[in-house]
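See structure below.
The values are calculated or read from the model by the stated rules, or taken from the named source; none is laboratory data. Because the structure is a prediction, the values reported are computed rather than measured. We place every Cβ from the backbone using ideal geometry, glycine too, and count neighbours over all the protein chains shown. Surface accessibility is based on the protein's heavy atoms, side chains included, excluding ligands, DNA and RNA. Shrake-Rupley method; radii C 1.70, N 1.55, O 1.52, S 1.80 Å.
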Amino acid sequence: MASTLFSKMLSGHRLIHHSSFLTQQPQFLSSLFSKRLFCIQTVPVPVSTSQNSKTTCWVPCMASSSVGRRATYSTKSVSTNEPVVSVDWLYDNLKLPDIKVLDASWYMPDEQRNPIQEYQVAHIPGALFFDVDGIADRTTKLPHMLPSEEAFAAAVSALGIENKDDLVVYDGKGLFSAARVWWMFRVFGHDRVWVLDGGLPRWRASGYDVESSASSDAILKASAASEAIEKVYKGQTVGPLTFQTKFRPHLVWNLDQVKKNIEDKTHQHIDARSKPRFDGAVPEPRKGIRSGHVPGSKCIPFGQLLDSSYTLLPANELKKRFEQEGISLDSPAVTSCGTGVTACILALGLHRLEKFDVAVYDGSWTEWGAQADTPVEVS
């Protein structure tokens with residue numbers, strides 16, 4: 001597969017322009033140019049900080065500019081307390097040297113979509129492909145489980161990612177699997193990571209260019225990441241590491257912890273699956289998995305945290321969603337879903353509400369529902 005992708009990518013890459021979109025949207029153009037009256041310039045200011053060894057921050061200062069000039073910002077002005085960035089922000093910062101963009105598209109099996117093929121057809125310029133299924137634990141049959149520290153470090157190093165990098169992750173649905181990769185980097189100690197709000201659909205709807213096909217370097221890195229993972233799990237030596245992990249075990253839960261929580265009730269358990277799946281009213285999409293939910297858990301389908309364009313709701317609306325289901329923002333929480341993907345959207349939403357220590361049950365319902373001895377409730 002890698003050789004096929006490599007041959008396709010060697011044919012070159014080009015930019016797809018949205019001229020038809022712009023010419024058909026006079027109001028968009030009018031708004032675009034009337035609002036660009038100032039340029040936000042940045043100046044370096046030395047600071048002392050321990051996070052990722054950053055020794056310089058960039059402070060925005062206002063300067064007049066000609067009409068139509070785009071504002072520019074720096075990632076150093078974005079707080080890691082806010083988990084998403086806008087497409088406008090990314091466009092303004094796309095060429096900064098420390099920014100790396102990751103296409104982390106992944107789809108449910110029944111959607112019959114191939115993320116790497118879609119990446120070839122259209123992706124944000126310069127984006128790397130992060131294989132959610134590939135950069136995963138190879139010792140389990142459960143899909144895309146969190147890899148070991150060594151395996152994750154080897155894979156992202158093969159992608160060319162360093163600890164000093166600021167990462168923006170997006171996906172092809174808007175806000176879906178990108179949240180999973182955001183969570184993975186945080187589990188391994190990297191806080192300077194954000195999800196692109198609205199993802200590739202919003203990027204394209206805003207009239208920004210995408211690349212078609214990918215460079216040979218991009219596919220080589222994607223292949224190298226997969227090979228690095230395999231080598232680690234086979235006990236083989238991998239190349240030099242550019243990314244060092246710092247594991248945060250409190251952000252990821254296993255089956256035994258969820259079992260214990262049923263009795264101890266130290267954490268509120270929130271399930272991101274649909275209400276019919278949670279209630280056990282419909283069969284699970286994967287064969288051999290019982291229907292229902294973990295006793296004592298509550299259901300907030302991940303889509304309730306997003307608007308119609310798959311962007312994250314503002315904090316006040318998110319707060320209402322959680323409170324309506326009896327979730328206290330003052331108490332610890334653990335989230336789950338089908339396979340640990342959309343549970344991360346709940347964690348993302350809670351992060352916006354300044355709950356930074358939300359755990360994700362990695363195996364989620366695919367693991368729990370497949371066990372013969374785990375308790376299951378139906379509504």
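Observations, loosely collected:
- Residues of the range 83-95 satisfying the condition of being open to solvent by less than 40 Å² (accessible area, probe 1.4 Å) and either small (Gly, Ala, Ser) or under 16 Å from the mean Cα position of the chain (by Cα) (or both): Pro83, Val84, Val85, Val87, Leu90
- If the condition is being within 10 Å of the chain's Cα centre (by Cα) and under 21 Å from Gly134 (Cβ atoms), then the range 177-195 contributes Ser177, Ala178, Ala179, Arg180, Val181, Trp182, Trp183, Met184, Phe185, Val193, Val195.
- Scan the range 96-115 for residues that are open to solvent by 40 Å² or more (accessible area, probe 1.4 Å) and in contact with a Phe, Trp or Tyr (Cβ under 6 Å, 6 or more places away or on another chain) and the total you get is 1.
- So Val282, is it within 30 Å of Glu150 (Cα to Cα), in contact with a helix residue (DSSP H, G or I) (Cβ under 6 Å, 6 or more places away or on another chain) and open to solvent by less than 70 Å² (accessible area, probe 1.4 Å): no
- Qualifying residue in the range 134-142 (condition: outside the structural domain of Asn254 (by the TED database) and crowded, with 24+ Cβ neighbours inside 10 Å): yes
- Close pairs (8 angstrom Cβ cut-off, 6 or more residues apart or separate chains): in the same structural domain as Pro283 (by the TED database) in the range 351-379, open to solvent by 70 Å² or more (accessible area, probe 1.4 Å) and hydrophobic (A, V, I, L, M, F, W, C) anywhere: none
- Of all the criteria given as (1) closer than 23 Å to Thr237 by Cα; (2) open to solvent by less than 20 Å² (accessible area, probe 1.4 Å); (3) part of a loop (DSSP other than H, G, I, E, B), the one not satisfied by Ala153 is (3).
- Hits in the range 117-133 (condition: hydrophobic (A, V, I, L, M, F, W, C) and buried (at least 20 other Cβ atoms within 10 Å of the Cβ)): Ile124, Ala127, Leu128, Phe129, Phe130, Val132
- Scanning the range 78-94 for residues that are modelled with pLDDT of 95 or more and either in a loop (DSSP other than H, G, I, E, B) or small (Gly, Ala, Ser) (or both) gives Glu82, Pro83, Ser86, Leu94.
- Check on Phe176, aromatic (Phe, Trp, Tyr) and in contact with a Lys or Arg (Cβ under 8 Å, 6 or more places away or on another chain): no
- Residue within the range 118-131 that is in a loop (DSSP other than H, G, I, E, B) and β-branched (Val, Ile, Thr) present: yes
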